1. Checking the structure you have, find out if any residue of segment 179-188 is aliphatic (A, V, I, L, M) and within 14 Å of the ligand (Cβ to nearest atom).
2. Keeping to segment 162-199, report how many residues are crowded, with 20+ Cβ neighbours inside 10 Å and either in contact with a Cys (Cβ under 9 Å, 6 or more places away or on another chain) or aliphatic (A, V, I, L, M) (or both).
3. Only residues that are more than 21 Å from Leu166 (Cβ to Cβ), surrounded by 13 or more Cβ atoms within 10 Å (Cβ to Cβ) and more than 10 Å from the ligand (Cβ to nearest atom): list them for segment 26-44, please.
4. So in segment 146-161, with the set limited to residues that are surrounded by 14 or more Cβ atoms within 10 Å (Cβ to Cβ) and either charged (D, E, K, R) or closer than 24 Å to Met24 by Cα (or both), which one is nearest to the ligand (Cβ to nearest atom)?
5. Sort through Gly39, Gly66 and tell me the only one that's at pLDDT 80 or above and within 21 Å of the chain's Cα centre (by Cα).
6. Return the total of residues in segment 74-85 being surrounded by fewer than 16 Cβ atoms within 10 Å (Cβ to Cβ) and either touching a residue at least 24 places away in the same chain (Cβ under 8 Å) or near the ligand (Cβ under 10 Å from one of its atoms) (or both).
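The values are calculated or read from the model by the stated rules, or taken from the named source; none is laboratory data. Since the model is a prediction, treat every value here as computed from it, not as a measurement. Cβ coordinates were reconstructed from backbone atoms using ideal geometry, including for glycine residues, and neighbour counts include every protein chain displayed.
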Amino acid sequence: MSSFLGSSIGKKLIMSVTGLFLIMFLLVHLFLNLLTLVGSDVFNTAAHFMGTNPIMKVMEFALAAGFLFHMVYALYLTIVNQNARPVKYAVANKSKATSWASKNMLITGGVVLIFLVLHLMNYYYKIKFTDLIESGEMTEYDLVVGLFQPENWYYVVIYIGWFILLGLHLNHAFQSAFQTLGLNNKTWERRLIVIGNIYALVISIGFSIIPIYFFINSLM
Ligand code: HEM
């Protein structure tokens, strides 16, 4: 078993399964954060529910852990591969297009990871490791909206840039994950490309709406 997981296809399978965690995490995270557009009470209630309900806490933790593992494991595999021989984790068939896509995946994935650290400092750290929320000084809604005010215009730019890169990464990742898991016949190949495109657009545009909405709203 351990030699299977250590094999090229085993590593690709680990990347696919943890990548699916990422895909699901992002949908849940997007849905929750879009509730900010509905209103502060709705968002704060949902955020409180996610943060206190034991099932949601476990689910969110498992999704986030799988997702972080996916990113760190990809970087680890690349470093190991570079030190050993030039075979990358996502390269099952070494056509020109495939190797270009996999190289691009590392760049987009790496930059997404760097922005994720900034994002966790902006929100996760403040919510979990300071008493801003506990003390009642701020709500989660205030934190989200506060980041996208005109004086923080650069955060609007940084976040939108992040979502575009994330979309590019997901566009290839989606079809690649499902192909590795067995959906690799001709009909499904085409369907997965379309579904992957739609998914990447929903994530990129969906998340971008949040900073754009609050930035424009605060100018009016
Ligand atoms: C405008 C878009 C986004 C907003 C407003 C937002 C907001 C938040 C907030 C408020 C938290 C803290 C939740 C809590 O602990 O109570 C959080 C956590 C987190 N966010 Fe985001 N997020 C956005 C986009 C993203 C994206 C695109 C990713 C991934 C690429 C991401 C990944 C995470 C992760 C991994 C956590 C920590 C786990 C968790 O608490 O759920 N977020 N985000």
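1. So far as segment 179-188 goes, no, none of its residues is aliphatic (A, V, I, L, M) and within 14 Å of the ligand (Cβ to nearest atom).
2. 4
3. Ser40, Val42, Asn44
4. Selected residue: Tyr159.
5. Result: Gly66 is the single residue among Gly39, Gly66 that is at pLDDT 80 or above and within 21 Å of the chain's Cα centre (by Cα).
6. 1
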